[in-house]
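Data first, discussion second: the structure below is written as C-alpha cells.
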Amino acid sequence: MQKSLVAEFLATFWLVFGGCGSAVLAAAFPELGIGFASVAFAFGLTVLTMAFAVGGISGGHFNPAVSVGLAIAGKFPVGRVVLYIALQVIGAIVAAALLYAVASGKAGFELGGFAANGYGEHSPGGYSLLSALIIEVVLTFIFIILGSTSSRVPAGFAPIAIGLALTLIHLTSILVTNTSVNPARSTGQALFVGGWALQQLWLFWVAPLVGSVLGGLVWKMTGEEASN
C-alpha cells in the first residue's frame, strides 16, 4: 500500500509538473511557443510514461476521478479511494509549487492564469459554465471507460491508449476550460492563482466526479464481469 501511494504521488506530480509546466513555461513563448497541440501531447506523455513506470505498482490512476470511477466499476477497493485521492492532490500541489518557483525566476514574471481551469471570462475561449460542465463530464466519462482496461485488451498496450486518449481530450477541450478531467490537477494550480480560480474550482471537482461515476457504472454493465 505504501508503494502504491508513493507511486500515485510521484505520477500525479509528474502529470502536473510536465503537463501544466508545458503550458506555463513553453506554450506561449514569444513567437516560437509550442502551442495548444504540444501542450495536449505533453499531458498525454506524462500519463503514458508514468503508466509504464509505476502503473504496475499502483494501478496507474494519477487522478481522483479515475480512482472513483474504478471503485464504482468494481476494479479498485473502495477503502483505498480516499488515501489515493489525498496523495494525488498532494502530488499536484507540490508540482504546482515547484512550477511556480521555476516560473517566477524569470524577469518580469506575471502569474496570469498559471494553467488554471476556468469558465466564463476565465475560459481560454470564453465558454460558459454550462459548456464547461458538459465537456468536463463527457470527457471524464469517456476517459474512465477507456481507462478501465479489460483483460481482453492486449497486455502492455493500455498506457499507450490512455495517454493518447488524454491527448485527444486536451485537444478537444483546452479552449473550453484549459482541460481538467482531473480534480487534483485543477486544485494544485488554483491554490496559487487564488481568487477566481478557487471560486470556480468546485466545477472541476463536481464535473469530473460525475463523469467518473457515470463511466464506472457503464463500464460495470459492459465490462468483462458483465459478460461472464
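Across the options Gln88, Ala184, Phe17, the greatest Cα extent toward the positive end of the charge dipole of the chain (unit charges at beta carbon of Lys, Arg, Asp, Glu) belongs to Gln88. Put a dot 7 Å past the Cα of Phe109, heading toward its Cβ, do the same for Leu83, and the two dots end up 3.6 nm apart. Distance between the modelled labels on Lys220 and Ser38, one decimal in nanometres: 4.4 nm (7 Å Cα→Cβ projection). Compared with the dominant Cα axis of the chain, that is its longest principal axis, helix 183-193 is turned about 20°.
Multiply the residue gap between Lys3 and Leu129 by 0.36 nm, knock off their C-alpha separation, and tell me the result in nm, one decimal place. Working shown, then result.
Details: separation 126, 0.36 × 126 = 45.36 nm, distance 3.86 nm.
That pair, Lys3 and Leu129, stretches by 41.5 nm at full extension.
Take each peptide in 4-17, 121-134, count the other Cβ atoms within 10 Å of every residue, and average; sorted highest first, the result is 4-17, 121-134. Helices in the chain, meaning DSSP H runs of at least 4 residues, each add -39500 (n - 2.57). Divided by all residues, the mean residue ellipticity at 222 nm is -21500 deg cm²/dmol.
Please identify every one of the chymotrypsin sites (Phe, Trp or Tyr not before Pro) in region 74-119 that sits in a loop by DSSP and has no more than 12 other beta carbons within 10 Å of its own beta carbon. Please list the in-between numbers first.
Working: sites: Tyr84, Tyr100, Phe109, Phe114, Tyr119; in loops: Phe109, Phe114, Tyr119.
When the chymotrypsin sites (Phe, Trp or Tyr not before Pro) of region 74-119 are filtered for loop state and at most 12 Cβ neighbours within 10 Å, Phe109 remain.
Modelled label positions at Val206 and Val102, each set 7 Å beyond Cα in the direction of Cβ, lie 3.4 nm from each other. For the chain, a crude dipole built from +1 on the beta carbon of Lys and Arg and -1 on the beta carbon of Asp and Glu, taken about the Cα centre, is about 420 debye to the nearest 20.
Values in this text are rule-based calculations from the coordinates and carry no lab data. Worth saying up front: this structure is predicted, and the values here are computed from it rather than measured. Glycine gets a Cβ as well: all are built from the backbone with ideal geometry, and neighbour counts include every protein chain shown.
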